[in-house]
Amino acid sequence: MDFNLKKLTSDAGVFFTRAVQFTEEKLGSAEKTELDAHLENLIARADCTKNWTEKIFRQTEVLLQPNPSARIEEFFYEKLDKKIPSRITNGELLGQYMMDAAKDFGPGTPYGSTLITVGEYQKRLGGAEREFLQTSAINFLTPLRNFLEGDWRTISKERRLLENRRLDLDICKARVKKAKQAEAKAAAAPDFQETRPRNYVLSASASAAEQELRVAQTEFDRQAEVTRLLLEGISSTHVNHLRCLHEFVEAQVTYYAQCHQYMQELQKELSLITSGHRKAKVLYDYDAHDASELSLLADELITVYTVPGMDPDWLVGERGNQKGKVPVTYLELLS
């Protein structure tokens, strides 16, 4: 207990002395040891990296999850080291609503069948979005977060330690300067009755201060080197973030390409529905009896439609560039 109290008192004294030195430097009444230009440049570059990484990280979070409440929820899950629950995307939810509505309206009605078609593609779009969000969070957000919560915290800790070592060094410099001034003053105006003892005490005080200065200088130089090595590692951080940025862009390209493909397919499906064309699955093999008919293979998909005056037991079937009549009983109309 006594040891802890002494340590606490000592730490408080060191903190107060540093605070006085820092305040006097700000007021211009105390000298300050400047860092070398290379180290200052590394510090400025590191601060720039941290500030922009933080901004890019926060804005990417907003892009991937626009809902602030959901972001706060995910933040608490991360801090509690719990798995974030899987969340259905808006596209998937919309698609499910459309397909549920089609059941009530009647899947065989034009509106119901169209709702089913659009709903299926909305769910595909939502699935593509969910995959994009997961990929981006792992490949882009996680490395940025690791830098801010890992590497940067280490760098900040060492920089604070460097600043303390600098303050200690300047405090020691001030003490040496003060001790030498007192020694010079005593030598200039000696007291013949106390010259030896006073000069001896002042000389010892200056010697002790110089010893403390040498120790402080060594500790400052060592900490400056440690900090420099950490700051030079920012270059490798840039390389890592560059790779992650490429992966993020690739994920976006894949996502938007999928969306474009799905929307093109949906547009084609809707145009078929609007024009009376429908998709049909062939139930059985069928061999054409003449050139006006189209041969069929079981399980293949074809496009069918009717023309005015046509026998209701037959439809016109298309497969690529091939076209011909097909019997309705051999088909299962899909939409």
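The values are calculated or read from the model by the stated rules, or taken from the named source; none is laboratory data. Just so we're clear, the structure is a prediction, and the values are computed from it rather than from any experiment. Glycine gets a Cβ as well: all are built from the backbone with ideal geometry, and neighbour counts include every protein chain shown. The protein model used for the area step is the full one, side chains on, heavy atoms only, and it has no ligands, DNA or RNA in it. Shrake-Rupley method; radii C 1.70, N 1.55, O 1.52, S 1.80 Å.
At-a-glance table
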quantity	calculated
Karplus-derived HN-Hα couplings along region 147-161 (A = 6.51, B = -1.76, C = 1.60, θ = phi - 60°), whole Hz, x at Gly and Pro	5, 5, 8, x, 4, 5, 5, 5, 4, 4, 4, 5, 5, 5, 5
Residue-span extension gain [Thr218 to Leu333] - 0.36 nm each, minus C-alpha spacing	32.8 nm
Of Lys157/Lys180; Lys26/Lys157; Lys32/Lys157, pairs whose Cα-Cα distance is over 30 Å	Lys157/Lys180
Once the Cα gyration tensor of the chain is diagonalised, semi-axes √(5λ) in Å	84, 19, 14
Accessible surface of the chain [probe 1.4 Å, protein heavy atoms]: carbon and sulfur percent	57
Gap separating the Cα centres of region 230-263 and region 127-153, nearest whole Å	10
Using θ = phi - 60° and Karplus 6.51 cos²θ - 1.76 cosθ + 1.60, couplings along region 127-143 (whole Hz; Gly, Pro as x)	x, 5, 5, 4, 5, 5, 4, 5, 5, 5, 5, 6, 8, 10, 5, 4, x
Percentage relative contact order, the chain, counting C-alpha pairs under 8 Å, at least six apart	15
Reachable aspartates and glutamates, given that their alpha-carbon falls under 19 Å from the alpha-carbon of Lys178 and they are not under 8 places away in the same chain	Glu24, Glu25, Glu31, Asp168, Asp170, Glu210, Glu212
Reciprocal of mean inverse Cα separation for region 279-335 (Kirkwood radius, Å)	11.1
25 Å Cα-Cα threshold exceeded, pairs from Lys123/Lys323; Lys103/Lys123; Lys123/Lys268; Lys103/Lys268; Lys281/Lys323; Lys50/Lys173	Lys123/Lys323; Lys50/Lys173
The chain, dipole about Cα centre (Lys/Arg Cβ +1, Asp/Glu Cβ -1), debye to the nearest 20	1900
Chymotrypsin sites (Phe, Trp or Tyr not before Pro) within region 258-307: DSSP coil, no more than 14 neighbouring Cβ in 10 Å	Tyr284
Charge dipole (the chain, unit charges on Cβ, about Cα centre) - positive-most of Leu213, Val282, Met99	Leu213
Residue-level accessible surface for Lys103, protein heavy atoms, 1.4 Å, Å²	150
Relative contact order for region 249-335, counting Cα pairs under 8 Å that sit 6 or more residues apart, in percent	27
The chain - accessible surface per residue (Å², probe 1.4 Å)	65
